[in-house]
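To keep things clear, I will list the structure first and then write my remarks on it.
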Amino acid sequence: MSDKPQVCAEEDCDRPAAVRLFVPWADDRDVCTAHGRALVQQPGVVAMPLEDGPDEWQ
Ligand SMILES: [Zn+2]
């Protein structure tokens, strides 16, 4: 059972998680749109929208 809203995995951020990041050098993590957009700029990072996340990731 996981009916809690997912929250961004970055420290000091409690926005809802919108994307899952696959990070080659670290664990996968779910982050908000803003953090996803920033982190996906790094080479090798892949972002996948969460099915139940906010519908704002393009
Ligand atoms: Zn965040």
Note to self: What's the number of the only condition in (1) touching a residue at least 24 places away in the same chain (Cβ under 8 Å); (2) more than 10 Å from the ligand (Cβ to nearest atom) that ALA26 fails to meet?
What the structure shows: (1)
Checklist line | Pick from the range 1-40, criterion surrounded by 14 or more Cβ atoms within 10 Å (Cβ to Cβ) and charged (D, E, K, R), ranking: nearest to GLU51 (Cα to Cα) | finding: ARG20
Margin query: I need every pair where a residue in the range 29-41 that is more than 11 Å from GLU10 (Cα to Cα) and free of Cβ contacts under 8 Å to residues at least 12 places away in the same chain has its Cβ under 6 Å from the Cβ of a residue that is in a loop (DSSP other than H, G, I, E, B) and within 8 Å of the ligand (Cβ to nearest atom), sequence separation at least 6 or different chains.
Written below: none
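Throughout, read-outs are computed from the coordinates displayed, never taken from laboratory work. If you're wondering where the values come from, they're calculated on a predicted model, not measured in any experiment. Methodologically, a virtual Cβ is constructed for each residue, glycine included, from the backbone with ideal geometry; neighbour enumeration extends over all protein chains shown.
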